[in-house]
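Peer 1: Questions regarding the structure given below will be posed in turn.
The values are calculated or read from the model by the stated rules, or taken from the named source; none is laboratory data. No experiment lies behind these values; they were computed from the predicted model shown. Glycine gets a Cβ as well: all are built from the backbone with ideal geometry, and neighbour counts include every protein chain shown.
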Amino acid sequence: MSRILDMRGDWAAQPTDAMRQAMASAVVGDDVTHEDPTVIELEERSAELLGKEAGLFVPSGTMGNLVSILALAPYGSEVIAGDQSHAVIYEVGGYAVIGGHPMRTAPNDRFGMMDPEFVQSLIRPGGNIHFPKTGLLLLENSHNVRGGCVMNVEQTRTLCDVAHNAGVPVHLDGSRLFNAAAALGIPARELVADLDTITFCLSKGLAAPVGSMVVGTQEQIDRARGARKLLGGGMRQAGVLAAAGLVAIDQMIDRLSEDHENARKLAHGLADIPGFNVDMETVQTNLVFADLDGEKSADEIGAALEEHGIRTSVFGADRIRFALHYQISSSDIDRVINSVRQLV
Ligand SMILES: *Cc1c(COP(=O)(O)O)cnc(C)c1O
């Protein structure tokens, strides 16, 4: 049996040997009292990388988004986000359940973009007894559900301006921020210059076993740190995990464009197969969504691929997702395309 290709998500990427070695020899301390030197180094490096004042290590991207919402939006204020955003769909409604924030959504188009004029129309400044006041605008880049599409600097700035002109802060769910920056060919710090707080994941395509970072001003991060404790995310010798995060930042960012090349190769290969449709314009980073209009359902194709040792994610009745990461090589893509051909 050949090696299993886990393409369900880039989160399936397992820690590299360098990460495992760094974890084994990490210098640690108590991170709840902010004494873990490796966590402190990771937080400082992350902030520096994105041109912000301070950083916070959190166990997950979900917690990163939630502590940012808690840090930026006053209790009871309304959050505006894209209707297809991860925070709205996949984070158990934490913004409402824990944060006490109602949510208003703007449609995400095929590329994950929101119409700035529509966002503007959703903002409510307060002062009307019927309305919650808008507390936060939440963006996502790259856009998970919209196939890993990228929002460029100008699009980001336009949406930030709409919010900031109304005194509303902006948080970026940048779980795959470095994929977006690589696709645009710019340093990530340029892409986040207009944003207030940013979450990015160490545990997606960067392959760390656990963890995400939040960056922002010192004051915002102090509040986020309090929120992390409230949520039970204060960890003790977390430097063991942060050590892998440092390797992720040092060694895994610059290679992301390889995943993007492999994604394009896979997308072209799949698009040539009858019954498989790929919206090529949306293949911008490391995710490939295929829409099926053949005899077999996505569930059936997913199960059949699983028998070939290829794991994918099924999105609804006729959509299937392949995620690229460092453990999926160009020759693996040939194998995936051959397997799909055999199935249909
Ligand atoms: C994965 C992901 C998250 C959440 O990260 P977890 O570490 O799984 O909690 C948030 N936003 C986006 C866009 C993601 O892809």
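Peer 1: From the list ALA180, ALA163, which one is within 16 Å of the ligand (Cβ to nearest atom) and either in the same structural domain as ALA87 (by TED's automatic domain parsing) or in a strand (DSSP E or B) (or both)? Write out each step before concluding.
Peer 2: On the way: ALA163 fails: within 16 Å of the ligand (Cβ to nearest atom).
Just a single option satisfies the conditions, and that option is ALA180.
Peer 1: Only one of (1) over 25 Å from PRO116 (Cβ atoms); (2) assigned by TED's automatic domain parsing to the domain that holds MET114; (3) buried (at least 21 other Cβ atoms within 10 Å of the Cβ); (4) more than 18 Å from the chain's Cα centre (by Cα) fails for GLY211. Which number is that?
Peer 2: (4)
Peer 1: Considering only region 1-41, how many residues are in contact with a Gly (Cβ under 8 Å, 6 or more places away or on another chain) and in a helix (DSSP H, G or I)?
Peer 2: Here is the first cut: in region 1-41, the residues in contact with a Gly (Cβ under 8 Å, 6 or more places away or on another chain) are 1-5, 10, 13, 26-29, 31-32, 35-39.
Narrowing further to those that are in a helix (DSSP H, G or I): 10, 37-39.
Summing the residues that are in contact with a Gly (Cβ under 8 Å, 6 or more places away or on another chain) and in a helix (DSSP H, G or I) in region 1-41 gives 4.
Peer 1: Now for a separate question. Within the bounds of region 120-131, is there any residue that is within 16 Å of the ligand (Cβ to nearest atom) and out of contact with any Pro (no Cβ under 7 Å at 6 or more places or on another chain)?
Peer 2: To start, the set of residues in region 120-131 that are within 16 Å of the ligand (Cβ to nearest atom) comprises none.
Within region 120-131, not a single residue is within 16 Å of the ligand (Cβ to nearest atom) and out of contact with any Pro (no Cβ under 7 Å at 6 or more places or on another chain).
Peer 1: Then there is this: What is the number of the single condition among (1) touching a residue at least 60 places away in the same chain (Cβ under 8 Å); (2) more than 16 Å from the ligand (Cβ to nearest atom); (3) in contact with a Pro (Cβ under 6 Å, 6 or more places away or on another chain) that THR158 does not meet?
Peer 2: (1)
Peer 1: Give the residue, chosen from ALA81, ALA106, ALA73, that is more than 27 Å from THR282 (Cα to Cα) and either outside the structural domain of VAL215 (by TED's automatic domain parsing) or more than 10 Å from the ligand (Cβ to nearest atom) (or both). Full working, then the answer.
Peer 2: On the way: ALA81 fails: more than 27 Å from THR282 (Cα to Cα); ALA106 fails: more than 27 Å from THR282 (Cα to Cα).
Just one listed residue meets the conditions, ALA73.
Peer 1: Here's a follow-up. Could you grab me the full set of residues in region 35-52 that are in contact (Cβ under 8 Å) with a residue 24 or more places away in the chain, over 25 Å from GLY94 (Cβ atoms) and either surrounded by fewer than 21 Cβ atoms within 10 Å (Cβ to Cβ) or within 16 Å of the ligand (Cβ to nearest atom) (or both)? It would help to see each step written out before you state the result.
Peer 2: Step one: of region 35-52, the residues in contact (Cβ under 8 Å) with a residue 24 or more places away in the chain are 36-39, 41-43, 45-47, 49-52.
After this cut, where a residue has to be over 25 Å from GLY94 (Cβ atoms) as well, the list is 36-38, 41, 45, 49, 51.
Within region 35-52, PRO37, GLU41, ARG45, LEU49, GLY51 qualify.
Peer 1: Can SER313 be described as at pLDDT below 95 and hydroxyl-bearing (Ser, Thr, Tyr)? Can you show your working first?
Peer 2: Details: at pLDDT below 95: no; hydroxyl-bearing (Ser, Thr, Tyr): yes.
So SER313 does not fit the description; no.
Peer 1: Can you name the residue in region 312-344 that is charged (D, E, K, R) and surrounded by fewer than 16 Cβ atoms within 10 Å (Cβ to Cβ) and is also farthest from the chain's Cα centre (by Cα) among such residues?
Peer 2: Step one: of region 312-344, the residues charged (D, E, K, R) are 318-319, 321, 332, 334-335, 341.
When the remaining residues are screened for being surrounded by fewer than 16 Cβ atoms within 10 Å (Cβ to Cβ), the result is 319, 334, 341.
Details: ARG319: 20, ASP334: 27, ARG341: 31 Å.
This residue is ARG341.
Peer 1: Please list, ordered by residue number, the strands (runs of 3 or more DSSP E) wholly in region 58-141 having 3 or more residues that are buried (at least 17 other Cβ atoms within 10 Å of the Cβ) and touching a residue at least 40 places away in the same chain (Cβ under 8 Å). Don't jump to the end; show me each part of the working.
Peer 2: Details: elements: 78-82, 103-106, 134-140.
Per the criteria, 78-82, 134-140.
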